[in-house]
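The next block holds one structure in the form of C-alpha cells; read it before the comments.
The values are calculated or read from the model by the stated rules, or taken from the named source; none is laboratory data. Owing to the predicted nature of the structure, the values given are computational and were not obtained by experimental measurement. Methodologically, a virtual Cβ is constructed for each residue, glycine included, from the backbone with ideal geometry; neighbour enumeration extends over all protein chains shown. Surface accessibility is based on the protein's heavy atoms, side chains included, excluding ligands, DNA and RNA. Shrake-Rupley method; radii C 1.70, N 1.55, O 1.52, S 1.80 Å.
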Amino acid sequence: MFIHRRRGWEIAERDATPEAVVTGRRALLGGAAGALALGAAQPAAAQWNIFGRRPNMPALPPLAPLAALRSAKYEPGRAITTEPEATTYNNYYEFGQSKSVYDEAQALKVTPWTIEVAGMVAKPRKIGLDDLLKSVALEERVYRHRCVEAWAMTVPWIGFQLSELVKLAEPTSAARYVVFTTLADKATMPGLRQSWYPWPYTEGVTIEEAANELAFLSVGMYGKMIPPQNGAPIRLTMPWKYGFKSAKSIVKVTFTDKRPRTFWEELQDSEYGFWANVNPAVSHPRWSQAKERLLGTDEMVPTQIWNGYGEYVAGLYTNLKNERLFA
Ligand code: MTE
C-alpha cells in the first residue's frame, strides 16, 4: 500500500510507482523521510513478482494446533486460500514494507501476552490472553479478506466475536468508539525505525461495529495458533472492511467518545479513511477497486460491496450522511 505524503522536493508520483522504486528513490535522496506505504498502485501481477513469495522459502517454525468447530453460517462462496499463500504474503509494516516479512516476524514474542482494557469502561484493567481465552467460546469462521491494495484471500480463522470482549470490558454508556493499539517493540520490530510512520499502529471502529456479529478477534488460522506474520497472538478480523482495519498483535483496547485518527488515516486521510468499507464502485484515488486478485491463483474476480457481507452490516450505516464510508 503506497501512500504519498508530498514534500517540497518531491515530484508528483505516477499512480503506478512500485514500492521498491519509491523506497529506492528515497534512499538515493539520502533518507526515507518522504516514503509512504500501502501500495497496490501497480498492476497486481507485477506487484506479485516484485513482492511475492521468495523462491527458496525457509521452513517456518511449527505452530501449536488449535481446534474449534467451523461455523457453517459464514460460507465464503469461494475456495479457501492455501495456508502457504496466506502466511507468506503479508502486510506487517512493523517488520518491514515487503510482503515477505514472514521470517522477520518470527522475532515477535507472543508469550506472555497481556491486553490492556482502558478508557470509558467500568474497571480499567489488564487481562492475560490465556485468561481471556478461558472466558470466551472459540469457533472457526471462513471469511473473505479484501486488502485495499486489491488482493484478496479466504481464510479459516479461529477466534471469538469482538462483542464478547466488549461485554467483558463493560464500556460506559458514553463510549462511542473502540480503539485498538498494537505492539510497538523497537527491539524486535525493525519497521519502527521508519520514523515517519505514526507508530504504534492503531485502528478503530464504532461501538456498533464492534458489537456486530461479524467483527472477530482471531487467535488462530488453518487449525493452528495464528503465526506472527498474520498478527499473533491476537488480531482483529473485520471482513467487510479493507484489510488495514484488521489490526495485528493487539496490546490495548480503549473505549472512548472521540473518533480516533488511526495509523493510515494519519498518514494519508485522502486515501485511507476511518470507515474503509469495501465498495467496488468507489475507486481508491490511485487505482480501481472493481476487481481483486486472489492469492494463489492470481485470478481476477469482481469485488463485492461490503465484501459480500451487506446482509450483516449495511444496516450499520443507514443513518450516516456526508461520510466517506468507502474510502
Ligand atoms: N496490523 C499491524 N499491526 N501492522 C500492519 O502493517 N497491516 C494491515 C492489517 N493489520 C498491518 C496490520 C493491512 S494493510 C492488511 S491488508 C492486513 O493486516 C494484512 O493481513 P495479513 O498479512 O494477515 O494478510
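Step by step: first the residues of the range 218-233, then only those that are touching a Gly at 6+ places or on another chain (Cβ under 8 Å) and either of a type in the set (Val, Ile, Thr) or away from the ligand (no atom under 13 Å from the Cβ) (or both), then the one that is nearest to residue 62 (Cα to Cα). Which residue is that?
226
This table checks each residue for (1) basic (Lys, Arg); (2) touching a helix residue (DSSP H, G or I) at 6+ places or on another chain (Cβ under 9 Å); (3) open to solvent by 10 Å² or more (accessible area, probe 1.4 Å).
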site	(1), (2), (3)
240	no, yes, no
243	no, no, yes
252	yes, no, yes
256	no, no, yes
261	yes, no, yes
264	no, yes, no
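Taking the range 242-293 on its own, how many of its residues are among the charged types (D, E, K, R), under 16 Å from the mean Cα position of the chain (by Cα) and farther than 25 Å from residue 170 by Cα? Steps first, answer last, please.
We begin by selecting, within the range 242-293, every residue among the charged types (D, E, K, R); these are 245, 248, 252, 257-259, 261, 265-266, 269, 271, 286, 291-293.
Those still in the list that are under 16 Å from the mean Cα position of the chain (by Cα) too: 245, 248, 252, 261, 265-266, 271.
Filter once more, keeping what is farther than 25 Å from residue 170 by Cα: 265-266, 271.
Residues in the range 242-293 being among the charged types (D, E, K, R), under 16 Å from the mean Cα position of the chain (by Cα) and farther than 25 Å from residue 170 by Cα: 3 in total.
Which of the residues that make up the range 270-327 are loosely packed, with under 15 Cβ neighbours inside 10 Å, at positive phi and touching a residue at least 24 places away in the same chain (Cβ under 8 Å)?
Correct list: 298 only.
Can you work out which of the residues in the range 141-190 that are among the basic types (Lys, Arg) and buried (at least 20 other Cβ atoms within 10 Å of the Cβ) is farthest from the ligand (Cβ to nearest atom)?
Just the residues of the range 141-190 that are among the basic types (Lys, Arg), to begin with: 141, 144, 146, 167, 176, 186.
Among the residues that remain, those that are also buried (at least 20 other Cβ atoms within 10 Å of the Cβ) are: 141, 144, 146.
Details: 141: 15, 144: 12, 146: 8 Å.
Filtering the range 141-190 for residues that are among the basic types (Lys, Arg) and buried (at least 20 other Cβ atoms within 10 Å of the Cβ), the one farthest from the ligand (Cβ to nearest atom) comes out as 141.
From the list 152, 174, which one is small (Gly, Ala, Ser) and not in a loop (DSSP other than H, G, I, E, B)?
After ruling out the rest, the residue left standing is 152.
Quick check on the range 244-260. Is at least one of its residues assigned to a helix (DSSP H, G or I), within 10 Å of the ligand (Cβ to nearest atom) and touching an Asp or Glu at 6+ places or on another chain (Cβ under 8 Å)? Steps first, answer last, please.
Narrowing the range 244-260 to residues assigned to a helix (DSSP H, G or I): 244-245.
From what is left, the residues that are within 10 Å of the ligand (Cβ to nearest atom) are 244-245.
With touching an Asp or Glu at 6+ places or on another chain (Cβ under 8 Å) added as a condition, the list becomes 244-245.
Taking every residue of the range 244-260 in turn, at least one turns out to be assigned to a helix (DSSP H, G or I), within 10 Å of the ligand (Cβ to nearest atom) and touching an Asp or Glu at 6+ places or on another chain (Cβ under 8 Å).
Just the residues that are basic (Lys, Arg) and surrounded by fewer than 19 Cβ atoms within 10 Å (Cβ to Cβ), please, taken from the range 199-236.
To start, the set of residues in the range 199-236 that are basic (Lys, Arg) comprises 224, 235.
Of everything in the range 199-236, just one residue is basic (Lys, Arg) and surrounded by fewer than 19 Cβ atoms within 10 Å (Cβ to Cβ), namely 224.
Could you list, in sequence order, the residues of the range 114-136 that are surrounded by 19 or more Cβ atoms within 10 Å (Cβ to Cβ) and either within 22 Å of the chain's Cα centre (by Cα) or more than 29 Å from residue 256 (Cα to Cα) (or both)?
115, 117, 132
Only one of these is at positive phi and touching a residue at least 40 places away in the same chain (Cβ under 8 Å): 197, 201, 222, 177. Name it. Steps first, please.
Working: 197 fails: at positive phi; 201 fails: at positive phi; 177 fails: at positive phi.
The unique qualifying residue is 222.
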